[in-house]
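The values are calculated or read from the model by the stated rules, or taken from the named source; none is laboratory data. Because the structure is a prediction, the values reported are computed rather than measured. Don't worry about glycine lacking a Cβ; one is built from the backbone with ideal geometry, like all the others, and counts go over all protein chains shown. These accessible areas exclude ligands, DNA and RNA; they are computed on the full protein's heavy atoms, side chains included. Shrake-Rupley method; radii C 1.70, N 1.55, O 1.52, S 1.80 Å.
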Amino acid sequence: MSAESPEPTREELAARVADLEARLDDGDDADEDQPKLSIIATKGTLDMAYPPLILATTAAAFDWDVTVFHTFWGLDILHEERADSLELSAVGNPNLPVPNAVAALPGMDRVTTHMLERKLDANGTASVADLLETGIEMGVEFQACQMTIDLLDYDADDFYDGVTVGVGAATALRDMADADVQLLV
Amino acid sequence: MDADETLDATGLSCPMPVVKTKQATDDLAVGDVLEVRATDPGSVSDLAGWADGTSGVELLDQTEDGDVYTHYVRRTER
């Protein structure tokens with residue numbers, strides 16, 4: 001403030017205080033105290049769809065602010081037609097009781113996928129689609145990377161209602177910089 | 001312990017006992033107690049951790065009877 005400025009009147013000071021108080025109230029609404037979680041989901045196999053969805057829904061249960069940015073085959077988790085038919089790869093998966101020579105046979109991915117689906121169901125584990133819909137309902141922001149939507153010939157309408165499209169790496173980076181926890185899956 | 005609402009989370013596994021508890025406590029009036037019944041052994045640690053890290057809820061007690069774990073959560077504020 002320069003030396004020549006006239007002293008503000010009481011009314012002007014009162015107006016400034018009221019303005020600052022109003023801005024503070026606005027800040028409270030943004031839930032700025034809540035931790036933020038930012039996940040990048042790049043995989044679209046049945047096993048790898050679970051970690052981002054489980055962490056996102058659990059963080060939402062803690063009232064955290066959650067964003068999941070889906071890119072490449074991670075888009076399939078958000079895809080209305082594909083989310084319920086994600087597969088488990090039999091080839092190159094040493095955790096499965098199937099030798100690679102057998103795993104490479106036609107139809108084997110279907111067999112191992114069916115095996116995992118049965119185990120998930122028997123274990124009371126929610127389906128990928130159920131977890132996704134729960135996450136959307138709880139306010140998780142699911143984003144579909146625009147570049148890979150175009151690359152994989154998908155369409156904005158292919159995704160569940162509530163999924164954000166038209167976003168790219170800059171959006172994801174800003175989100176990660178702002179987050180307390182960042183994960184790449 | 002007397003509860004005002006009951007949530008049956010038996011047969012569900014992680015993360016659903018926590019997620020459904022969160023959704024049920026959102027509908028709870030301040031001061032009311034929710035009883036959560038679960039069969040997931042991980043729910044003991046998970047629900048305690050969730051209640052500890054979430055404002056407005058308080059874990060009152062956890063009991064074990066055979067395969068069923070019962071948790072009592074009170075809404076303390078909104």
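When the criteria are applied in full, A:Lys36 fails the requirement of being open to solvent by 50 Å² or more (accessible area, probe 1.4 Å), at pLDDT 90 or above and among the charged types (D, E, K, R).
For segment B:11-28, give me each residue that is open to solvent by less than 20 Å² (accessible area, probe 1.4 Å) and more than 7 Å from chain A (Cβ to nearest Cβ). Listed by number, the residues that qualify are B:Pro17, B:Thr21, B:Thr25, B:Leu28. For segment B:34-52, the set of residues classified as in a helix (DSSP H, G or I) and surrounded by 14 or more Cβ atoms within 10 Å (Cβ to Cβ) consists of B:Ser43, B:Val44, B:Asp46, B:Leu47, B:Gly49, B:Trp50, B:Ala51, listed by residue number. Cβ separations smaller than 7 Å between residues 6+ apart or across chains give the following pairs from segment B:45-66 residues that are acidic (Asp, Glu) to residues that are open to solvent by 30 Å² or more (accessible area, probe 1.4 Å) and in a strand (DSSP E or B): B:Glu58/B:Arg74.
Every listed requirement among (1) surrounded by 13 or more Cβ atoms within 10 Å (Cβ to Cβ); (2) among the small types (Gly, Ala, Ser); (3) assigned to a loop (DSSP other than H, G, I, E, B); (4) more than 10 Å from chain A (Cβ to nearest Cβ) is met by B:Gly31 save one, (1). In summary, helices (runs of 4 or more DSSP H) completely within segment A:4-108 and bearing 2 or more residues that are under 22 Å from A:Thr171 (Cβ atoms) occur at A:46-61.
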